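The values are calculated or read from the model by the stated rules, or taken from the named source; none is laboratory data. What you see is a predicted model; the values in this text were computed from it and never measured. Using ideal geometry, Cβ is built from the backbone for each residue, glycine included, and neighbour counts are taken over all protein chains shown. The protein model used for the area step is the full one, side chains on, heavy atoms only, and it has no ligands, DNA or RNA in it. Shrake-Rupley method; radii C 1.70, N 1.55, O 1.52, S 1.80 Å.
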Amino acid sequence: MPTATPEFDAIVIGAGFSGIHMLKSLRDHLGLKVRVYEAGDTVGGTWYWNRYPGARCDSDAYIYCFTWDKQLLQEWEWTERYPEQPEILRYLEHVAARHDLKRDMVFKTRITGAEWDDKSHLWTVHTDKGDAVTARYVIAAVGTLSETNLPNIKGLENFKGQSCHTSRFPKEGIDFTGKRVAVVGTGATAVQAIPEIAQQAKQLTIFQRTANYCVPARNGKVDPELVRKRKADYDGIVQRIKDSFFGQEHYFIPKSALEVSAEERERDFDRMWDAGGFAFWLANYKDMFFTQEANDLCADYIKRKIRSTVKDPAIAEKLTPKGYAYGTKRQPLDTNYYETFNKENVLLVDAKADGPIEEITATGIRAGGKEYPQDIIVFATGFDAMTGPLKALHLKGRDGRTLDQVWAEGPRSYLGIAVAGFPNFFTITGPQSPSVLSNMPVSIEQHVDWISDCIDAMRKSEKTTIEAMPEAQDQWVAHVNEIVAATLMPGANSWYMSANIPGKPRAFLPYLGPEGVGGYRRKCEEVAAHNYEGFELA
Ligand code: NAP
């Protein structure tokens, strides 16, 4: 057995929701020596980096939080149904302070590489400060949407005005008052930002490549009586979201959209629409994700809403999604998004109707042969999702193989937690786990608990390595792909399908298990109960 003693039992990379909880669990429950590295200058992860106007969570806040701190569940008061970024950041700062976590966190430090040593059974982890530390375990808590996608548009470097990506928005903010502003992209981020920017800018021009299906968020103060009831029922809520399909209190209508009358369907659609949030997406008819005709009925309802909200029929037409099924891209939640296109100072440039972006010039954007002068360009162009942040760690596993090499044709993981050839390396909400198709804190907690229990079990049985077996991984990858193939998801050019990054192999990134996060949790528990079936422990 290797005798080398590492400097740390575990290195955790990232101090967002995942890293905070992972540190708490390993340090305070298992008594391990842990260090967290974080590129930002404080905790927060997503909520540290995404400071664009309108940034707020899209899940109801009462379940978008840690459930392991039961006292805090009672004490913390969210100001709105979907709090804004500063409030969520304040919450994470509060958790870090309350549990004295920062003393084991190193900020403003990026991991530049790590390699596995087969003799010592340790990882050596390198930082951009030139440090190298050894650890038994490396845990990626790097988030799923943290590797920025700034598209390689011709002339990008020539723009003389101010420009930024939404996930690198300046801390001091940007004053859009009296400015000509462009927003590139119309995903969930842009849908939050556009109505806010339109209120300030002299002229806002939105460059849309693909129209999205947006549903109302219906943000606002939550009725104090409902808050009280929820607090009294937190144990029940936590159990329900753990067992649920999406980590939310949303449940499919146990009927086909095609088997009910048009009147009943319209009543259901109205109810979900009025409820706001993810209800329309995640509590719709059970065949919405599977059957094109059922999906068309849902899509048609949203298209009618767009036409009745947007006054100019030509603009409404440009905003009407075409060519892909409803729900197969991440559901953006809107607050006055469609209404914003009725404003005099807002212009929509649609790639299909008006021509695609051709070039960024010194003074603006040229699209469809026309120049649109700008003072500021905001790129809401998304992320190299899920695999991007992991590849950016430049890990070298067994035989010096990198994730770039082993994922050359798309991600391959076992349960979205581990990768064959990378011993003692765990991914929190990694590719091929429910992750982004669930309420993230629920999936994060499940992975953190599983990884903690696994490390605990290894220590008790005096094992020093754990590694996914290639056969188990192959089976898992096949299972993930088989399940999604039965849905409408592969038909969309979404980031779920890796389609937003030129050259990225087309592969479904998360896991859409037949029983959702509840079934996936049970599968992970079974694996552990069968002595970590599919893993090799040594
Ligand atoms: P996104 O969904 O990937 O949207 C990026 C947008 O930029 C799309 O409209 C895309 O068009 C466009 N685009 C990309 N490259 C382009 C190019 N070269 N030229 C022109 N347009 C281009 O990114 P996002 O809006 O940042 O959202 C990413 C994810 O973050 C969401 O899906 C969600 O999971 C998460 N998010 C969460 C919250 C929350 O919970 N609070 C809020 C915002 C975002 P195409 O559609 O044609 O690719």
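In the stretch 410-473, how does Rg compare with the Kirkwood Rh, expressed as the Rg/Rh ratio over alpha carbon atoms?
0.99
How many percent of the accessible area of the chain is carbon or sulfur, using a 1.4 Å probe?
Looking at the chain in its full context, I get 49 percent from C and S.
If ligands, DNA and RNA are left out, what is the accessible area of E339 with a 1.4 Å probe, given in Å² to the nearest 10?
Ignoring ligands and nucleic acids, E339 comes out at about 80 Å².
In the stretch 458-538, what GluC sites (Glu not before Pro) fall in a loop by DSSP, with at most 12 other Cβ atoms inside 10 Å?
Hits after loop and neighbour filter: E462, E533.
Using 0.36 nm per residue, how much length does the chain from E264 to A538 gain when fully extended, once their Cα-Cα distance is taken away? Present the calculation step by step, with values, prior to reporting the outcome.
On the way: separation 274, 0.36 × 274 = 98.64 nm, distance 5.84 nm.
Once the chain is fully extended between E264 and A538, it gains 92.8 nm.
Once a ≥ b ≥ c are taken as the square roots of the eigenvalues of the Cα gyration tensor of the stretch 33-97, is the result rounded (a/c under 1.5), prolate (a/b larger than b/c) or oblate (a/b not larger than b/c)?
Because a/c hits 1.5 or more and a/b fails to exceed b/c, the stretch 33-97 counts as oblate.
Helix hunt in the chain: which complete DSSP H runs extend at least 15 Å axially by C-alpha with mean Kyte-Doolittle at least 0.0?
188-200
If packing is taken as the average count of other Cβ atoms within 10 Å, what order do 375-385, 239-249 fall into, highest mean first?
In descending order of packing, they fall as 375-385, 239-249.
Taking the Cα centroid of the stretch 340-388 and of the stretch 97-144, what is the distance between the two, rounded to the nearest whole Å?
Comparing the Cα centres of the stretch 340-388 and the stretch 97-144, I get a distance of 39 Å.
From a point 7 Å beyond the Cα of A408 in the direction of its Cβ, which residues of the stretch 493-537 have a backbone N at a distance under 12 Å?
none
Past 19 Å, Cα to Cα: identify those pairs from K329/K523; K33/K463; K24/K70; K311/K343; K391/K504, in the order given.
K329/K523
For T363, put the label point 7 Å out on the Cα→Cβ axis and report which residues of the stretch 125-168 keep their amide N under 16 Å from it.
158-162
Run the helix sum for the chain: -39,500 (n - 2.57) per DSSP H stretch of 4+ residues, divided by residue count, reported at 222 nm to the nearest 500 deg cm²/dmol.
Calculated from helices alone, the mean residue ellipticity at 222 nm is -9500 deg cm²/dmol.
Relative contact order for the chain: what percent, with Cα pairs under 8 Å and sequence separation of 6 or more?
Values: 1076 pairs, mean separation 102.3, N = 538.
Relative contact order, the chain: 19 percent.
Which whole-number percent is the relative contact order of the stretch 410-538 (Cα, under 8 Å, 6+ apart)?
With pairs under 8 Å counted, the relative contact order is 33 percent.
Which whole-number value in Å² is the accessible area per residue of the stretch 1-140, probe 1.4 Å?
On a per-residue basis, 38 Å².
Under the classification rounded if a/c is under 1.5, otherwise prolate if a/b is larger than b/c and oblate if not, where does the stretch 73-208 fall, given a ≥ b ≥ c as square roots of the Cα gyration tensor eigenvalues? Please report the intermediate quantities before stating the final value.
Details: a/c = 2.79, a/b = 1.50, b/c = 1.86.
Oblate is the answer for the stretch 73-208, as a/c is 1.5 or above yet b/c matches or exceeds a/b.
With a ≥ b ≥ c the root eigenvalues of the C-alpha gyration tensor of the chain, is it rounded (a/c under 1.5), prolate (a/b larger than b/c) or oblate?
Cα axes put the chain in the prolate bin.
For the stretch 33-143, what does the relative contact order come out to in percent, with C-alpha contacts under 8 Å and a separation of six or more?
Rounded, it is 30 percent for the stretch 33-143.
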